[in-house]
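Here's the structure we're looking at; comments come further down.
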């Protein structure tokens, strides 16, 4: 399934809030996928947490690209 958002406009404050929420979600997913145990990070065996981390990383990258494009192309 594909979601298309056409003619959606966010203010700078709304965009930064969205980016902060997605970043916090990424941090939570990372903490669930990798645990600090006995001086080193250990990967979780739970494929759901690892998949959520990949999705969160993709979302953060997408928002970074959107922000970059917005500042370079006006």
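Worth a mention:
- Flag if residue 52 is under 27 Å from residue 68 (Cα atoms) and surrounded by 15 or more Cβ atoms within 10 Å (Cβ to Cβ): yes
- Residue match in region 28-50 (condition: touching a helix residue (DSSP H, G or I) at 6+ places or on another chain (Cβ under 6 Å) and in a loop (DSSP other than H, G, I, E, B)): yes
- So residue 63, is it within 21 Å of residue 16 (Cβ to Cβ) and modelled with pLDDT of 80 or more: yes
For every residue, the table says whether it meets (1) under 15 Å from residue 63 (Cα atoms); (2) under 10 Å from the mean Cα position of the chain (by Cα).
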| site | (1), (2) |
| --- | --- |
| 11 | yes, no |
| 27 | no, yes |
| 34 | no, no |
| 45 | no, no |
| 49 | no, no |
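The values are calculated or read from the model by the stated rules, or taken from the named source; none is laboratory data. All values derive from a computational prediction rather than experimental measurement. Positions of Cβ are backbone-derived with ideal geometry, glycine not excepted, and every protein chain shown enters the neighbour counts.
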